[in-house]
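The structure appears right after this line, and notes come after that.
The values are calculated or read from the model by the stated rules, or taken from the named source; none is laboratory data. All figures in this text were calculated on a predicted structure; none of them were measured in a lab. Positions of Cβ are backbone-derived with ideal geometry, glycine not excepted, and every protein chain shown enters the neighbour counts.
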Amino acid sequence: MFNKKDICCYFAYIIGLIAFALFVCPPALAHVDPDIDIREFVSDSDFIFKGQVTNIAYRNSEAVQLLDPKTGAPLFDPNGNPLYEDGTNIPHTFVTYQIEEIYKGMAPQASPGGPPDSNVTLRFLGGQSQDDTSEYLMVSNIPLFDVNDRDFLFVKGNTEESCPLVHWFGSRLRILSDPCDPNVRKVYKIYNELGLEVINVPGGGAAPSYVTLGPFHSFEQINTHDMGEFILKKVTVDEDNEFDLPGANDVPESGITLGSHFTEDAFEPYLTQIVLAECGTVPPESCGIQVASADVSQAFTARPFPVTRPIITTEDPAAYSRPWLDMLEPDEKDEIMEAERLEHEMLLLTRFNPVLPANPCEVSILKYGAMAGDVSGPKGKPDCQVNFYDVAEVVGKNWLKVAEPGLPLFPICIE
């Protein structure tokens, strides 16, 4: 029996993991899209629920031996060992949730013809190997789970897909309380798999509200995972990397806030409203399906690795090398880094529109909108002042109405 060991996997903030076995921690490959399309999550899901993890178990899929396509006889390698199909005899993780609330679809049946079960078990590719318990397969974009985790999950194809979440780790939303919250009654808020705040951005005019990702939080529940006989610790490094988003260090930076951080209490009605809009006249329980629950005691055959979602990749990470930056004086380097951090904040605020605000007034308008009455300026656009340019703009558009009966001499209406 192995003693539990701490395995530290160092990786840059807001990136994905390459699939690995035997606790090899590769470099980062990709950034995470800042926006979350909850409406697409809802549309693509056949079962949506909130629950708490009560048990985690592991089992390998059945080994399927390769057969000669002509004779049907088993195939062997030159040493006489049987050959197996790709994607078979692979570790899988069985995560059992106690269901707290269902938003779309129906719970599984505890027994044929019986009442709905209060639990559901999701099966994920990856986990501790039955052949050697010191080996653990991790798969890119498939989340890690621990007993007592609480989540909102958007499920599709459980017991069929390698990952039964519609957008893989992106469609698991964590319910966590900030350990530094001074309130006696903890407020539970929503984070993504990597520890980024899930932000509710209100809509304006005809534009609907949307959900985006905010500052990063280095929580123990997110950074540490109990994996069989091992404990995996994620550690954020490379704090001077100018490509890290605001909040990449242990202490989150106070960047631009596009909206409010979703609490559990606020996210539930928001999700319910989107589900009702998606389902229309069909009840939410009939809009989805009765989800299948995986059974770790039953043998199963896994599907081959999907072609469109490669599990293992050998792609080298992009190298962002600027050695000249390290040759500068510390003050100069800090100035450049701060300028680039601010530029990235502006890109987030404009939703990656390359035309950035050119002055403090444009930044203020972008953040808070134009001030009341500020409709023009020297360049024909709001300038954060209410002056002659604004009066001229309003009068110019309304002067033809002066002669109409009942209208004042200067029909200027500023709300």
Condition first: in contact with a helix residue (DSSP H, G or I) (Cβ under 8 Å, 6 or more places away or on another chain), of a type outside the set (D, E, K, R) and either loosely packed, with under 14 Cβ neighbours inside 10 Å or touching a residue at least 40 places away in the same chain (Cβ under 8 Å) (or both). Can you find one or more residues in the range 83-102 that meet it? yes
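Could you grab me the full set of residues in the range 72-91 that are over 17 Å from Asn60 (Cα atoms) and either of a type outside the set (S, T, N, Q) or part of a strand (DSSP E or B) (or both)?
Of the residues in the range 72-91, the ones over 17 Å from Asn60 (Cα atoms) are 72-82.
If the condition is that a residue be over 17 Å from Asn60 (Cα atoms) and either of a type outside the set (S, T, N, Q) or part of a strand (DSSP E or B) (or both), then Gly72, Ala73, Pro74, Leu75, Phe76, Asp77, Pro78, Gly80, Pro82 are the ones that fit.
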Total residues in the range 275-289, condition surrounded by 15 or more Cβ atoms within 10 Å (Cβ to Cβ) and in contact with a strand residue (DSSP E or B) (Cβ under 9 Å, 6 or more places away or on another chain): 8
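Looking at Gly113, Gly127 in this structure, which one is of a type in the set (Gly, Ala, Ser) and crowded, with 18+ Cβ neighbours inside 10 Å? Walk me through it before giving the result.
Numbers: Gly113 fails: crowded, with 18+ Cβ neighbours inside 10 Å.
Residue meeting the stated conditions: Gly127.
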Which residue is surrounded by the fewest Cβ atoms within 10 Å (Cβ to Cβ), if the candidates are limited to the range 44-71 and must be part of a loop (DSSP other than H, G, I, E, B) and among the hydroxyl-bearing types (Ser, Thr, Tyr)? Thr71
Total residues in the range 208-231, condition more than 14 Å from Asp37 (Cα to Cα) and assigned to a loop (DSSP other than H, G, I, E, B): 5
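From the list Gly87, Gly51, Gly105, exactly one residue is closer than 29 Å to Ile289 by Cβ, modelled with pLDDT under 85 and not basic (Lys, Arg). Which is it?
On the way: Gly51 fails: modelled with pLDDT under 85; Gly105 fails: modelled with pLDDT under 85.
Gly87 is the lone residue from the list that is closer than 29 Å to Ile289 by Cβ, modelled with pLDDT under 85 and not basic (Lys, Arg).
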